[in-house]
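Since the structure comes first, as structure tokens, the remarks are kept for the end.
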Amino acid sequence: MTPPLSRERLLAAAMSIVDEEGAEALTMRALAGRVDRQVSSLYNHVSGRTELIELMRAKVVERIDVRAFSTKAWDVALGEWARSYLMAFAQHPHLIRLLATTPIRDESTLAMYNEVVRALTEAGWAAGESIAVLRTVEAHVLGSALDIVAPGNMLDAAAVPEELPALRAALAVEHHSAGAAEAAFDLGLTALIAGLRERNGAPSA
């Protein structure tokens, strides 16, 4: 017996399509096929693809923790938020380009951003700069999420000519290092926050 249709079932099916086939595969027709319904029946539960995208955005944001911004220094909280953000999106890498290129209407996402900006402005960042800080960290997170799920042979020492020995040697060392992408994320985040701390005039941690 086919399960009854609901927004929750449509959301789960939509995320499965994107996870398995990529963002371009998400159409109302494809979704109808996934849940074994006519396209017209979907509109009893969602208004269309745009609403589905925002529902997926909200689902991912549920996993991003902003609690540290209420209890810890802005730079520590920023690091914890970034790591939480990374883990949430690393599970759904095909959503990154879709969500990063779609206007944000989801209130839970806006509330998350508000909490980050609130903490930054209370820590002395100018309003405009607080948005720049948020965007900068977010860009590092999303790029790192893609790096973590990228094929391991994207940059392979064996494919580098012998005339480029420095790169070959470095890649050979990295190849034997577990969690190279995660290590790169941590290195970048540490450097990024150190630079932001200096710009803000806060003492080094």
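The values are calculated or read from the model by the stated rules, or taken from the named source; none is laboratory data. Here the structure is a predicted model, which means the values were calculated and not measured. Because the Cβ atoms are built from the backbone with ideal geometry, glycine has one as well, and the counts that use them run over all protein chains shown. Ligands, DNA and RNA are excluded from the accessible area calculation, which covers all protein heavy atoms including side chains. Shrake-Rupley method; radii C 1.70, N 1.55, O 1.52, S 1.80 Å.
Here G22 passes the criteria (1) at pLDDT 95 or above; (2) under 30 Å from E138 (Cβ atoms); (3) not charged (D, E, K, R) except the one numbered (1). Within the range 36-57, the residues that satisfy the criterion of being open to solvent by 70 Å² or more (accessible area, probe 1.4 Å), of a type in the set (S, T, N, Q) and assigned to a helix (DSSP H, G or I) are S40, T50. Has the range 63-79 got at least one residue that is open to solvent by less than 20 Å² (accessible area, probe 1.4 Å), over 19 Å from A132 (Cα atoms), within 14 Å of the chain's Cα centre (by Cα) and not basic (K, R)? Yes, there is a match, as at least one residue in the range 63-79 is open to solvent by less than 20 Å² (accessible area, probe 1.4 Å), over 19 Å from A132 (Cα atoms), within 14 Å of the chain's Cα centre (by Cα) and not basic (K, R). Filtered by the rule that a residue be assigned to a helix (DSSP H, G or I) and open to solvent by 80 Å² or more (accessible area, probe 1.4 Å), the range 144-158 gives L146, A158. A single entry from V141, V137, V60, V66 fulfils the requirement of being assigned to a loop (DSSP other than H, G, I, E, B), free of Cβ contacts under 8 Å to residues at least 60 places away in the same chain and under 25 Å from A184 (Cβ atoms): V66.
Of all the residues that make up the range 69-118, how many are outside any loop (DSSP other than H, G, I, E, B) and of a type outside the set (A, V, I, L, M, F, W, C)? Steps first, answer last, please.
Filtering the range 69-118 down to residues outside any loop (DSSP other than H, G, I, E, B) leaves 69-71, 74-90, 94-100, 107-118.
Filter again for of a type outside the set (A, V, I, L, M, F, W, C), leaving 70-71, 75, 79-80, 83-85, 94, 97, 107-109, 113-115, 118.
Qualifying residue count for the region: 17.
Looking at the range 106-128, can you tell me whether even one residue there is of a type in the set (F, W, Y), surrounded by 17 or more Cβ atoms within 10 Å (Cβ to Cβ) and more than 30 Å from A14 (Cα to Cα)? Among the residues of the range 106-128, at least one is of a type in the set (F, W, Y), surrounded by 17 or more Cβ atoms within 10 Å (Cβ to Cβ) and more than 30 Å from A14 (Cα to Cα), which makes the answer yes.
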